[in-house]
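The values are calculated or read from the model by the stated rules, or taken from the named source; none is laboratory data. Note that the coordinates shown come from a computational prediction; the quantities given were computed from them, not determined experimentally. Note: ideal-geometry Cβ built from the backbone for every residue, glycine included; neighbour counts use all protein chains shown. For the accessible areas, the whole protein counts, side chains as well, though only heavy atoms, and no ligand, DNA or RNA atoms are used. Shrake-Rupley method; radii C 1.70, N 1.55, O 1.52, S 1.80 Å.
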Amino acid sequence: MRSKERTPFTPVDLCGLIAHETASMLYGVGADSIPSAETMRAGLETFAAAAGAVDISIHLAWIDSELESAREFERTGQDTVHLLDPDRLNAVPDAAVQMEAVWEFFRAAVRLPDQQERNALRELAVILADVGGLSDILLGASLPDGQRLTAGDLRSELAEVSTALEQRQSQSAAMEVSL
């Protein structure tokens, strides 16, 4: 898709991309990806703070839910209910989206006074590019056939995650009342 046909990604969309890729990695790789997922979560918080006035509460709750699911699977071998159908997490961003994300992370990093925060965004960019296969794409390999993520896809995902979180909270509240 040509860039002028693409909806530009907002900082919220990029936060959605981080959450999507983190959930995808946790579901696909499992407990071995927990350290990288925690790094991505920290990078999300840093990016959101640098981008200013970005509410990432749903993004963080989604990542935390998937982290807990991966830990539970590691402890028990039992899969837990995910907020989204894991098959939806197979969609990958195209090279232009990944480059835009990496560029935004670096742009945010140069505005940060703290070296540790700048490093968090650098690590986020590296992990995101790695899980998205950006280096392979840039070296001539192509992405496998399949759905490509758009800003609209990420917005729809976030709305579904928000609904799933609300339902989960309602179920928890109902269970507490019945006890």
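Worth a mention:
- Among the residues of the range 111-141, those identified as farther than 18 Å from A19 by Cα and either at pLDDT below 90 or buried (at least 21 other Cβ atoms within 10 Å of the Cβ) (or both) are R111, S135, D136, I137, L138, L139, G140, A141.
- Cβ separations smaller than 6 Å between residues 6+ apart or across chains give the following pairs from the range 71-92 residues that are within 23 Å of E166 (Cβ to Cβ) and free of Cβ contacts under 8 Å to residues at least 40 places away in the same chain to residues that are open to solvent by less than 50 Å² (accessible area, probe 1.4 Å) and not in a helix (DSSP H, G or I): E72/T80.
- Residue in the range 70-89 that is within 14 Å of M25 (Cα to Cα) and polar (S, T, N, Q) present: no
- Condition check for A51 on (1) surrounded by 18 or more Cβ atoms within 10 Å (Cβ to Cβ); (2) modelled with pLDDT of 95 or more: one failure, at (2).
- Residue within the range 167-175 that is over 24 Å from G52 (Cβ atoms), over 15 Å from the mean Cα position of the chain (by Cα) and part of a loop (DSSP other than H, G, I, E, B) present: no
- The set of residues in the range 67-81 being open to solvent by less than 70 Å² (accessible area, probe 1.4 Å) and either touching a His at 6+ places or on another chain (Cβ under 7 Å) or assigned to a loop (DSSP other than H, G, I, E, B) (or both) consists of S69, G77, T80.
- Screening the range 87-110 for residues that are part of a helix (DSSP H, G or I) and touching a Gly at 6+ places or on another chain (Cβ under 8 Å) and picking the one that is surrounded by the fewest Cβ atoms within 10 Å (Cβ to Cβ) gives N90.
- Residue ID - most open to solvent (accessible area, probe 1.4 Å), chosen from residues in the range 7-36 that are among the hydrophobic types (A, V, I, L, M, F, W, C) and under 19 Å from S69 (Cα atoms): V29
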